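The structure under discussion appears below in the form of structure tokens.
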Amino acid sequence: MSELHKTISILPFSVVTFHLNKKTFGGFNIRLLVCYRYFIVVDDIWNTSVWETIQCALIDNELGSIIVTTTRNLDVTKQAGAVYQLEPLSITDSTKLFYQRIFGSEDECPPDDLVEVSRKILQKCSGVPLAIITIASMLSNKNGKEKTKQYWSHVYQSMGCGLHGSTNVKDMRRILSVSYYDLPSCIKTCLLYLSLFPEDYKINIQDLIWKWIGEGLVFKEQGKTLYEVGEVYVEELVNRSLIQQVDIGHGNKTISCCVHDMVLDLICFLSNEENFLTKVGSQQPISMQNKIHRLSLETGWEDEAHQLATMSLSQVRSLNVAPHVDIGLIPSFQHFQPS
């Protein structure tokens, strides 16, 4: 925080970015801003308790400072004050985006027997670009035999009640899960592995593929090395818009990627449901009833790290430790031996 004080003291205008959570917010000395006019953006507040914590810490210094928040939670908007609500895409723009992703051109129309089911799918997407892109990417990834009214109708039915103007997390999960459950089983598992990474994290593809291989998640295919098969998995996830390219190399090869926060929410939810990965120090609830297969230690706080002492670790297949975690908090390897 001393660096923050130096920056504010020297420059007439400064941009300082921090990634704060409930644990680290208390260490942010907001008094440094009391004498300055500031503009703070708090991105993606998921619940009212977080906003209440932030609001109590910020002092109105009557210098015309501005605080902007983004959220999907309507309860947060009611507490935050003046609200600017993003409008969903119009049916015209939704249709253009949908057709552009599937057919490669927004002006190309589907066969006559797909027009009505396309309209119904778009109604359930409710103008939300992520929902439209994810469903369209899944449909565009199918070969000609599956671009039929019967298959598209199946996708429509799988979307449940849709969004219908709602930004409810559960409704969005239902839409995105249609694409997840359409994946080959081996790629489903590799996608769940991405629950290991925090929100907005830039994932190096080379490292990711070797981790998949080390976990035994990549299966041999004739004429390909395991690494090449892993690259096929990555390409499949990109094509379905389940991961987003960040750095792109020769031949449109993905060098690094990130995961949209709503897709990551689905991945973490499914990972927890299937007991795929246990994260200590995250907001993900820990299931104490199930055996732990993959363990990620993400906190440097002793009280949370000490939860490990109460867990059965004899079934742990892999251990991931965040860089900032004190090595002394990691349990002895004797705890990982089969009983």
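The values are calculated or read from the model by the stated rules, or taken from the named source; none is laboratory data. Values in this document were obtained by computation on a predicted structure and should not be read as measured data. Cβ sites come from the backbone with ideal geometry, for glycine too, and all protein chains shown count toward neighbours. Quick note on the areas: whole protein, heavy atoms, side chains included, nothing else; ligands and nucleic acids left out. Shrake-Rupley method; radii C 1.70, N 1.55, O 1.52, S 1.80 Å.
Do any of Lys211/Lys291; Lys202/Lys253; Lys188/Lys211; Lys124/Lys149; Lys149/Lys202 go past 27 Å between their Cα atoms, and which? Pairs exceeding the cut-off: Lys149/Lys202.
Proximity of backbone amide H atoms, modeled 1.01 Å from N, is registered between Val42 and Val68, Thr69, Thr70 at under 5 Å, excluding neighbours fewer than 5 places apart on the same chain. Rounded to the nearest whole Hz, the Karplus-based 3J(HN,Hα) values (6.51 cos²θ - 1.76 cosθ + 1.60, θ = phi - 60°) of the range 182-190 follow the sequence 8, 6, x, 4, 5, 7, 4, 5, 5, with x at glycine and proline.
With a cut-off of 15 Å on the backbone N, the residues of the range 191-221 near the modelled label site 7 Å out from Glu235 along Cα-Cβ are 221.
Between Ser153 and Cys186, what is the FRET efficiency for a Förster distance of 22 Å, r being their Cβ-Cβ separation, to the nearest 0.05? Before the final figure, lay out the partial values.
Numbers: r = 27 Å, r/R0 = 1.24.
The value I calculate is 0.20.
Across the range 198-214, computed HN-Hα scalar couplings (Karplus, 6.51 cos²θ - 1.76 cosθ + 1.60, θ = phi - 60°) run x, 4, 6, 7, 8, 9, 6, 5, 4, 4, 4, 5, 5, 5, 4, 5, x Hz from first to last residue, x flagging Gly and Pro.
For Asp247 and Lys170 in the same chain, what is the full-extension length gain: residue separation times 0.36 nm, less their Cα-Cα distance, in nm?
On the way: separation 77, 0.36 × 77 = 27.72 nm, distance 3.09 nm.
Length difference between fully extended and current span is 24.6 nm.
By how many nm would the segment from Glu116 to Val68 grow when fully extended, if each residue of separation counts as 0.36 nm and the alpha-carbon distance is taken off? Stretched out fully, the Glu116 to Val68 stretch lengthens by 13.2 nm.
Whenever you get a sec, compute what percent of the accessible area on the range 157-262 sits on carbon and sulfur atoms (1.4 Å probe). That share works out to 50 percent.
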